[in-house]
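The values are calculated or read from the model by the stated rules, or taken from the named source; none is laboratory data. Because the structure is a prediction, the values reported are computed rather than measured. Positions of Cβ are generated from backbone atoms using ideal geometry, with glycine treated the same way; all protein chains shown enter the neighbour counts.
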């Protein structure tokens with residue numbers, strides 16, 4: 001599947017189809033959060049779930065999307081990319097359909113766990129397929145294309161979720177997810193990939209990866225950036241509903257702003273990464289995220305009037321989103337590009353670190369009861385990430 005001409009991967013029709021499948025996986029996996037966010041207050045009132053339970057439902061999704069990704073990577077190595085992708089997709093589809101029928105909080109949390117396991121699987125196996133085809137700056141460019149797919153989920157998901165919740169009800173949002181997830185699964189079943197080679201012995205593979213600074217520092221940087229975004233998403237529905245007294249459909253429309261910011265960041269990466277290098281762009285993204293988090297903190301430090309606080313909060317959210325769009329694909333490309341053997345395992349460990357850090361942050365998020373404490377926490381995480389990309393990451397790459 002990989003064809004090299006002068007060190008650059010030649011794009012073929014099968015390559016484009018595989019990238020399209022990976023993009024579809026990113027869309028549905030992320031929309032499991034973004035469609036859900038505008039519906040959280042209505043869903044909670046309907047099934048009797050508290051705000052803390054609803055925030056926990058976001059946190060456990062992130063955690064359980066992370067926990068099995070290494071297992072999904074090993075499944076992709078042993079059984080093939082397509083069977084692993086289809087199995088994860090089926091898990092996601094069934095859980096999403098079940099969530100449309102829930103009646104209480106335990107059912108919500110249980111099915112969110114199953115949905116997350118499937119979402120983590122399709123996302124990581126999709127990235128493995130892309131890693132099979134590309135490397136270096138070209139890998140960063142293709143991962144930026146996946147980031148553009150993330151835009152559809154980030155902006156479109158919130159818009160769809162807000163409109164569906166305000167018109168049909170929150171249950172239909174989960175039904176939409178189930179239907180959308182069928183598309184990349186069917187496309188994956190229609191492609192033909194070479195049978196996987198016999199899996200290489202994996203003893204010590206985790207130890208080798210975790211002791212490789214060229215792998216670990218970028219993976220951690222992407223994870224911290226993801227953690228910041230998840231913590232903002234986790235709290236944003238309640239900030240807009242309670243702090244700014246906005247209905248779900250308005251909150252959903254704001255998703256267009258975040259989508260535009262992510263699209264701008266991903267476009268910036270695709271146009272400039274070959275010139276600047278993935279490490280430089282990773283560092284730029286971390287600094288931009290810090291600036292955005294500091295803007296958000298200004299709102300709560302200054303106890304500003306709502307008319308002033310809302311545009312500043314939105315500006316901080318948009319800036320942070322642009323920074324993450326710049327940081328994330330370059331962090332992932334930096335982490336795995338130099339690793340030739342065991343690509344699926346390297347990609348899955350990178351995903352585990354990134355999703356795991358986001359999951360830990362999301363679990364801690366609900367304990368930050370005050371908005372000032374919460375905004376200071378995300379600013380501190382962003383500052384730590386600046387240190388990671390400027391001090392700990394290798395000077396090459």
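Picking from residues in region 237-256 that are at pLDDT 80 or above and part of a helix (DSSP H, G or I), the one that is surrounded by the fewest Cβ atoms within 10 Å (Cβ to Cβ) is 239.
Report whether or not residue 299 is modelled with pLDDT of 85 or more and over 22 Å from the mean Cα position of the chain (by Cα).
The answer is yes for residue 299.
Does residue 94 satisfy being part of a helix (DSSP H, G or I) and in contact with a helix residue (DSSP H, G or I) (Cβ under 7 Å, 6 or more places away or on another chain)? No, not satisfied.
Would you check if residue 182 is touching a residue at least 40 places away in the same chain (Cβ under 8 Å) and either part of a helix (DSSP H, G or I) or crowded, with 24+ Cβ neighbours inside 10 Å (or both)? Yes; evaluated as a whole, the condition is true for this residue. Which number in (1) modelled with pLDDT of 85 or more; (2) over 13 Å from residue 348 (Cα atoms); (3) out of contact with any helix residue (DSSP H, G or I) (no Cβ under 7 Å at 6 or more places or on another chain) marks the one condition that residue 112 misses? Failing condition for residue 112: (3). Selection of region 263-305 for residues being in a loop (DSSP other than H, G, I, E, B) and under 21 Å from residue 377 (Cα atoms) yields 302, 303, 304.
A count restricted to region 28-64 and to residues that are outside any helix (DSSP H, G or I) and within 16 Å of the chain's Cα centre (by Cα) stands at 2. Could you run through region 63-80 and say how many residues are buried (at least 22 other Cβ atoms within 10 Å of the Cβ) and under 12 Å from residue 109 (Cα atoms)? So the count comes out to 0.
Identify, from the list 59, 66, the residue that is within 27 Å of residue 166 (Cβ to Cβ) and touching a helix residue (DSSP H, G or I) at 6+ places or on another chain (Cβ under 8 Å). When all the criteria are applied, what remains is 59.
Being out of contact with any strand residue (DSSP E or B) (no Cβ under 9 Å at 6 or more places or on another chain) and modelled with pLDDT of 90 or more is a property that residue 291 has. Here's a check for you: in region 341-386, which residue that is surrounded by fewer than 17 Cβ atoms within 10 Å (Cβ to Cβ) and not in a helix (DSSP H, G or I) is modelled with the highest pLDDT? Among those that are surrounded by fewer than 17 Cβ atoms within 10 Å (Cβ to Cβ) and not in a helix (DSSP H, G or I), it is 370.
So for region 120-128 (the condition being at pLDDT 90 or above and assigned to a loop (DSSP other than H, G, I, E, B)), does at least one residue qualify? Looking through region 120-128, none of the residues is at pLDDT 90 or above and assigned to a loop (DSSP other than H, G, I, E, B). I'm trying to understand the selection: among the residues of region 257-278, which are modelled with pLDDT of 85 or more and buried (at least 18 other Cβ atoms within 10 Å of the Cβ)? If the condition is that a residue be modelled with pLDDT of 85 or more and buried (at least 18 other Cβ atoms within 10 Å of the Cβ), then 261, 265, 268, 269 are the ones that fit.
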